[in-house]
Amino acid sequence: MRRKRHGRGCRRGGGRSRPTDGGSTAARRARGAGPARLQLAGPEAPAPDDKTGAPDELERLGLTAREAEVLRLVADGLSNSQIAEKLFISRKTASVHVSNILSKLGVSTRVEAAALAHRRGLVKASADL
């Protein structure tokens with residue numbers, strides 16, 4: 001009797017089966033849902049706070065609440081490792097957040113993102129500078 005090798009499927013050719021309809025139901029739902037956006041409703045919407053900056057501008061840029069938090073930390077000069085430690089996430093997740101922020105802001109570097117965030121009032125200047 002021939003034993004199956006680890007990682008090989010049962011199909012001829014040893015390849016994995018591939019969905020023909022665009023992926024699993026969960027994957028389709030996730031793609032359709034998109035990231036959570038900041039939702040502000042009416043005049044009772046909270047004013048900008050020390051953590052996330054101007055909510056209208058953040059929403060217009062398409063930044064999620066978590067990305068806004070990461071942007072604040074980037075503007076404070078934290079590295080991906082420091083951001084990860086502070087937010088209890090992996091270094092890779094912090095890196096992905098930073099990459100998404102750079103893309104959404106249309107900038108190439110963390111310094112440009114921090115400068116843009118300060119210019120637009122998305123983050124408050126640190127008191128300990």
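Quick notes on this structure:
- Test: Ala75 is at pLDDT 50 or above, within 19 Å of Arg120 (Cα to Cα) and over 12 Å from the mean Cα position of the chain (by Cα): yes
- Against the test of being open to solvent by less than 60 Å² (accessible area, probe 1.4 Å), closer than 22 Å to Lys124 by Cα, modelled with pLDDT of 95 or more and of a type in the set (S, T, N, Q), the options Asn100, Asn80 yield a single qualifying residue, Asn80.
- When restricted to residues that are in contact (Cβ under 8 Å) with a residue 12 or more places away in the chain, open to solvent by 20 Å² or more (accessible area, probe 1.4 Å) and not small (Gly, Ala, Ser), segment 106-129 contains 4.
- Going through (1) within 15 Å of the chain's Cα centre (by Cα); (2) exposed (fewer than 15 other Cβ atoms within 10 Å of the Cβ); (3) at pLDDT 95 or above one by one, Ala94 falls short only on (2).
The values are calculated or read from the model by the stated rules, or taken from the named source; none is laboratory data. Keep in mind that this is a model prediction, so the values were computed, not measured. All Cβ positions, even for glycine, are placed from backbone atoms using ideal geometry, and neighbour counts span all protein chains on display. Only protein heavy atoms, including side chains, enter the accessible area calculation; ligands, DNA and RNA are left aside. Shrake-Rupley method; radii C 1.70, N 1.55, O 1.52, S 1.80 Å.
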